[in-house]
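These notes concern the structure reproduced below.
Read-outs throughout are calculated quantities, based only on the coordinates presented, and are distinct from any laboratory measurement. Predicted model, so just to flag it, every value in this text is computed and none were measured.
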């Protein structure tokens, strides 16, 4: 028999460590792109490419997180405080529409709002004991990192410093 069947506690710990590692690793493109944009490494890196990389990756992760909500709603629908099918579609489509505008502020701001909204939904899911405290803590820290990096990119948009 496998180790996970003999030591269920260890299996759960391994699962927690795996999603935590993957979640934190998922912040690296946000950090890398936002920091590169803020350091104005335009001589070495194309800022338009960095913005495209940041926003397309952000849309990918928003879609992924909304997919997690779909899965949650499929299996825990009766306990969910809101219809996560609807909220996930609204959030994803808002971000996708803003990507189509090709306006950096719209793309970044929509994703900032999306990550904040997803975190608020996760808070409600945690309060209803639909998601674990460990998962919610990880999501909170990761979301704060991501939102900070999106905010950093917004602050460093051309023309944002005229005050």
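By definition, a body whose alpha carbon gyration tensor gives a ≥ b ≥ c is oblate when a/c is 1.5 or more and a/b is not larger than b/c, and the stretch 79-163 fits this oblate description.
Taking the helices alone, the chain has a mean residue ellipticity at 222 nm of -26500 deg cm²/dmol, built from -39,500 (n - 2.57) per DSSP H run of at least 4 residues and averaged over all its residues. Consider all pairwise Cα distances in the chain and report the whole-number % of them above 25 Å. Roughly 38 percent, rounded to a whole number. Length gained on full extension, residue 77 to residue 132: 18.2 nm, using 0.36 nm per residue less the C-alpha separation. Between residue 70 and residue 93, the contour length at 0.36 nm per residue exceeds the alpha carbon distance by 6.8 nm.
The relative contact order of the chain comes to 27 percent, based on Cα pairs under 8 Å that sit 6 or more residues apart.
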